[in-house]
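A quick write-up on the structure given underneath.
What follows draws every value from the coordinates through simple rules; no lab data is involved. Keep in mind that what you see is a predicted model, and the values were worked out from it rather than measured. Cβ atoms come from the backbone with ideal geometry, glycine included; neighbour counts cover every protein chain shown.
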Amino acid sequence: MIPSTHHGAWRGPNRLWLEDPAAPERSEGTLEATASTVKYTWSFKGAAHHGEISLAGPAGALAATWTDTWHAEQGMLLHGLSQDGQILLYGTYPAGDGPDWGWRIEIDGRDPEHLGLRMFNVPPAGAAVPAVDLRGTR
């Protein structure tokens, strides 16, 4: 799933979008990748957070379990695929009394010198909105 060229430790800037798309919260982050797991750390206003994405299944029909101490404390199940060095995952979550919202995660290993982790909120009737962007280098 995650190419062996990207296994190991990565470090880099993390951006978190809460309200203003022009003003993300910034922190330093880390990524630790194995064939089927990505663990990561980041912080928000000085408070440390961490998450984990565990992958299973064939490249064309991946299942992922995702937990994050801020975004998904109870865990979330996502589905997706792996193609051309990129893992694309999608799930939904309840958002009050309205329809469920979507959550998309991309793990990007296309560049041998970077490992990227991006997350997007997907409103019911709209385009994906950036939520997280962590870009690791060795």
For region 45-60 and region 71-138, what is the separation of their C-alpha centers, rounded to whole Å? 10
Net charge, residue 123 excluded, C-beta distance under 15 Å - Lys, Arg +1, Asp, Glu -1: -2
Pull out the extension gain between residue 36 and residue 93, defined as 0.36 nm times the separation in residues minus the alpha carbon to alpha carbon distance; nm, one decimal. 18.2 nm
Please give the charge dipole size of region 1-124, origin at the Cα centre, charges +1 on K and R Cβ atoms and -1 on D and E Cβ atoms. Round to the nearest 20 debye. 180
Which trypsin sites (Lys or Arg not before Pro) in region 16-103 sit in a loop by DSSP (not H, G, I, E or B) and have at most 12 other Cβ atoms within 10 Å of their own Cβ? 45
Return a whole-number percent for the relative contact order of region 4-136, with Cα pairs under 8 Å and 6 or more residues apart as the contact set. 19
What net charge is computed for the residues neighbouring residue 132, neighbours being all others with C-beta under 12 Å from the C-beta of residue 132, Lys and Arg scored +1, Asp and Glu -1? +1
10 Å Cβ shell holding at most 16 others, DSSP loop, GluC sites (Glu not before Pro): longest site-free stretch of the chain: 20-112
Cβ-based net charge around residue 52, under 13 Å, with every Lys or Arg adding one and every Asp or Glu removing one: -2
